[in-house]
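First up is the structure itself, then whatever we jot down about it.
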Amino acid sequence: MTHHPAPRDVVRDVYNQIAGQYAGLYEGEGPLPHFYNTRLQLVGDILGPKPIGTLLDVGSGPGIVGDTVRALGFRYIASDQSVGMTRECRDRAGPTGEVAVAQASALPFDSGVFNVVTALGVLEYVGPLDAALAECRRVLRDDGSFVVSLLNKSSPFRILQSVRRRLGLDPDPIPPAHFSQSEVQRMLSAAGFRVQSVRYFDFQLLPFGFAQNHPRWSGRLTRVAERASSTPLRWLGSAMLIDASRV
């Protein structure tokens, strides 16, 4: 597995710049709103049956996840290395919001205090990964749950992204890392986690530019393809949501 994220300060600066617009990515039609809202729904599905407690959202962004988990009864605490994102998160949560500016590899919390730790769309940009995973495990209770999303390198959509990147056609200043399920299993196992479930989502089969310009066609095809989420073709999903526990 190769994982060479952009420098930490570059990632932080990019997210500071887009902090004010980031919540808007959940709105409207198109591939990005579908991706984010599908992930949000699956997070709710995973957390719904779990005992209510305190949840830490690592790399929280503007805190959209907080709306879902608070509705389930969880106490929501957010952390992000981007000051701009934590400002948006505080504004969204109101005066009772609990937000920390922190790197995933240096969380300012006591050990074993959280019932759930989430890292959604975060580890793709973090290095070194082992340090971040060790911190997530450290702050998690022995009986807690670690819910993490990662991009699926085996999907046609991510393969096309990788080809575009190698050809110099991808302008993303902080291209995310992609992972296979076997790599995720080994990575989490080495960090002291046991994978309980893997759910593939976002069955985007069209090139991103075409899907963005034709959101209705993209949405229809994606919804049809999502029927494969419980079949051997589930690897077509462009991302994975993993529910893991401490070993």
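Under the condition of being open to solvent by less than 60 Å² (accessible area, probe 1.4 Å), within 17 Å of the chain's Cα centre (by Cα) and either among the polar types (S, T, N, Q) or under 19 Å from residue 88 (Cα atoms) (or both), the residues counted in region 19-38 number 9.
Restricting to region 32-44, what's the tally of residues that are more than 21 Å from residue 123 (Cβ to Cβ) and in contact (Cβ under 8 Å) with a residue 12 or more places away in the chain? Outline the logic, then answer.
Just the residues of region 32-44 that are more than 21 Å from residue 123 (Cβ to Cβ), to begin with: 33-34.
Still in the list and also in contact (Cβ under 8 Å) with a residue 12 or more places away in the chain: 34.
Summing the residues that are more than 21 Å from residue 123 (Cβ to Cβ) and in contact (Cβ under 8 Å) with a residue 12 or more places away in the chain in region 32-44 gives 1.
Scanning region 46-69 for residues that are touching a residue at least 60 places away in the same chain (Cβ under 8 Å), surrounded by fewer than 22 Cβ atoms within 10 Å (Cβ to Cβ) and within 22 Å of residue 200 (Cβ to Cβ) gives 46, 50.
Might you check whether a residue that is acidic (Asp, Glu) and crowded, with 17+ Cβ neighbours inside 10 Å occurs anywhere in region 122-143?
As a first pass, look at region 122-143 and keep what is acidic (Asp, Glu): 124, 130, 135, 142-143.
Going one step further and asking which of them are crowded, with 17+ Cβ neighbours inside 10 Å, we end up with 124, 135.
So far as region 122-143 goes, yes, one or more of its residues are acidic (Asp, Glu) and crowded, with 17+ Cβ neighbours inside 10 Å.
Which residues, taken from region 144-172, are of a type in the set (Val, Ile, Thr) and either open to solvent by 50 Å² or more (accessible area, probe 1.4 Å) or over 21 Å from residue 40 (Cα atoms) (or both)? Of everything in region 144-172, those that are of a type in the set (Val, Ile, Thr) and either open to solvent by 50 Å² or more (accessible area, probe 1.4 Å) or over 21 Å from residue 40 (Cα atoms) (or both) turn out to be 159, 163.
Contact annotation: residue pairs with Cβ atoms under 7 Å, 6 or more positions apart or on different chains, pairing a residue in region 216-239 that is more than 20 Å from residue 28 (Cα to Cα) with a partner that is open to solvent by 100 Å² or more (accessible area, probe 1.4 Å) and not aliphatic (A, V, I, L, M), are 228/234. Take region 104-121 and flag every residue that is closer than 22 Å to residue 70 by Cβ, open to solvent by 20 Å² or more (accessible area, probe 1.4 Å) and part of a strand (DSSP E or B). Residue satisfying the conditions is 115 alone. When residues in region 173-187 are screened for being among the charged types (D, E, K, R) and open to solvent by 60 Å² or more (accessible area, probe 1.4 Å), 1 of them pass.
The values are calculated or read from the model by the stated rules, or taken from the named source; none is laboratory data. Bear in mind the structure is a predicted one, so any value in this text is a computation, not a measurement. A quick note on method: Cβ atoms are made from the backbone with ideal geometry, for glycine too, and the neighbour counts reach across all protein chains shown. Accessible surface areas use protein heavy atoms only, side chains included; no ligands, DNA or RNA. Shrake-Rupley method; radii C 1.70, N 1.55, O 1.52, S 1.80 Å.
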